[in-house]
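First up is the structure itself, then whatever we jot down about it.
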Amino acid sequence: MGDSFHPAIQAALRFDPVTAIVSGRQPTIRYLRDVQSIFADQPACQELLPSNPLLYSVTQIEDHNGEGDIHYGIGILMPGRVGREYFMTKGHIHAWRPAAEVYIGLRGRGMMLLQDERTSECRAVEFMANSVVYVPGYTAHRTINIGDEPLVYWGVLSSAAGHDYDAVAKRNFRLVVVERDGAPAVMERNDFLAEMKGVSA
Ligand SMILES: [Fe+2]
């Protein structure tokens, strides 16, 4: 009977919404050492590097690559901070710029930074368990964990989207999410850098 099925029809994948482990699949793991340049407070980053904490891992499901097909991936981002800046992903924009994406929160409490490449407008959007964020095309996106447990989520997008990490690595995001008086605050990166200089001066 299997012969009459479309080749893409297969058994359901099993995943754990607590650990983000997908049965039979291997995650890509990112430690602080892999992404250190994304953090604004480089002295704090250097201080933390010897312990090289695990920041996040992503399991990408990219089995189907035909026209109209979909890729999806589950991420788990650990709680913690580098200095005052919360743990976050490297962030990317899609190589095929018009490609949008849907992020579906399963566990934890976080934010997403969304920056329009064409205008440099940047917004911080709340993103947590049981919520969905729509990432439009032409928009760089980064996930940030502001809670005290792992942030777990699925991302679903066109198989043609691709990932451009270099564009984001060159410019970073205009906004940062940092701890201030025990709570998360969204700031312009330049203002945060100036504030840190003021403290150390
Ligand atoms: Fe994406």
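The values are calculated or read from the model by the stated rules, or taken from the named source; none is laboratory data. Note that the structure is a prediction, hence the values are computed from the model and not measured. Here the Cβ positions follow ideal geometry from the backbone for every residue, glycine too, while neighbour counts run over all protein chains shown.
For the reader, a short list of remarks on this structure follows.
- Restricting attention to the range 18-63, the residues that are closer than 26 Å to ASN130 by Cβ, surrounded by fewer than 15 Cβ atoms within 10 Å (Cβ to Cβ), under 17 Å from the mean Cα position of the chain (by Cα) and small (Gly, Ala, Ser) total 0.
- Whenever a residue of the range 53-69 is touching a residue at least 12 places away in the same chain (Cβ under 8 Å) and closer than 16 Å to ALA20 by Cβ, its partners that are crowded, with 17+ Cβ neighbours inside 10 Å and among the hydroxyl-bearing types (Ser, Thr, Tyr), lying with C-beta atoms within less than 6 angstrom and at least six residues away or across chains, give the pairs TYR56/THR89; ILE61/TYR72.
- If you go through the range 123-167 and keep only what is outside any strand (DSSP E or B) and within 10 Å of the ligand (Cβ to nearest atom), you end up with ALA161, GLY162.
- Residue tally, condition within 13 Å of the ligand (Cβ to nearest atom) and in a strand (DSSP E or B), over the range 80-103: 6
- A search for C-beta distances below 8 Å between a residue of the range 151-173 that is farther than 25 Å from ARG14 by Cα and any residue that is assigned to a strand (DSSP E or B) and more than 11 Å from the ligand (Cβ to nearest atom), counting only pairs 6+ apart in sequence or on different chains, returns PHE173/LEU113; PHE173/GLN115; PHE173/CYS122.
- The set of residues from the range 187-201 being crowded, with 18+ Cβ neighbours inside 10 Å and at pLDDT 95 or above comprises MET187, PHE192.
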